[in-house]
Amino acid sequence: MQALIPEIKEHLGGPFRTVGEKGFTVLASRENTYIIEFHSLPEGVAWPEEFVNMYSQKQHDGESLKVIREATDEEIKRFRIPVWVQDDDVPECCGKPMFFVGQIDDDTLCAERPKHAKMWWHDAASFYVFTCPKCLSCEAVGQQY
Ligand SMILES: [Zn+2]
């Protein structure tokens with residue numbers, strides 16, 4: 001599998017550069033649409049920035065993914081992709097990695113420290129909820145900057 005990325009963000013219709021399979025990771029897919037993240041970009045491509053998730057489509061040749069644009073927040077949610085603050089940290093259950101359900105970011109939480117709390121999350125934390133598709137156990141992972 002290879003990825004085709006437009007050289008310039010303002011010209012999403014091309015020209016394109018080719019990125020080999022070691023240059024990107026598929027984070028999630030549904031039918032012919034994929035969310036991918038690039039690790040390295042060929043010369044002549046001035047975007048995206050690091051860690052930006054890209055919405056792409058599988059081409060008719062079945063061998064290439066064509067980048068359409070940056071993925072929207074809505075797509076990242078719909079494809080169930082955790083936006084990690086730190087390194088990936090997927091818990092396991094029943095011997096397998098758990099499935100990501102969704103995440104809660106600090107901007108939707110009460111940031112005030114509870115009375116008597118010895119420690120608390122400071123102001124840039126995210127909480128990731130996972131479930132096990134075998135036993136429906138749930139687990140949360142917290143991360144902060
Ligand atoms: Zn389980």
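The values are calculated or read from the model by the stated rules, or taken from the named source; none is laboratory data. Since this is a predicted model, take the numbers as computed values, not measurements. Here the Cβ positions follow ideal geometry from the backbone for every residue, glycine too, while neighbour counts run over all protein chains shown. Ligands, DNA and RNA are excluded from the accessible area calculation, which covers all protein heavy atoms including side chains. Shrake-Rupley method; radii C 1.70, N 1.55, O 1.52, S 1.80 Å.
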Positions within the range 8-28 being farther than 13 Å from residue 66 by Cβ and either free of Cβ contacts under 8 Å to residues at least 40 places away in the same chain or not in a strand (DSSP E or B) (or both), in sequence order: 8, 9, 10, 11, 20, 21, 22, 23, 25, 26
statement: Those residues of the range 93-136 which are over 19 Å from the mean Cα position of the chain (by Cα) and within 16 Å of the ligand (Cβ to nearest atom) amount to 93, 94, 95, 96, 132, 133, 134, 135, 136
- prompt: Can you name the number of the only condition in (1) open to solvent by 40 Å² or more (accessible area, probe 1.4 Å); (2) assigned by TED's automatic domain parsing to the domain that holds residue 132 that residue 102 fails?
  reply: (1)
query: Just wondering, is there one or more residues in the range 75-83 that are surrounded by fewer than 15 Cβ atoms within 10 Å (Cβ to Cβ) and among the aliphatic types (A, V, I, L, M)?
result: yes
- prompt: What is the one condition in (1) surrounded by 11 or more Cβ atoms within 10 Å (Cβ to Cβ); (2) of a type in the set (D, E, K, R); (3) not in a helix (DSSP H, G or I) that residue 49 does not satisfy?
  reply: (1)
- prompt: When you go through (1) farther than 22 Å from residue 5 by Cβ; (2) in a strand (DSSP E or B) one by one for residue 67, which number turns out not to apply?
  reply: (1)
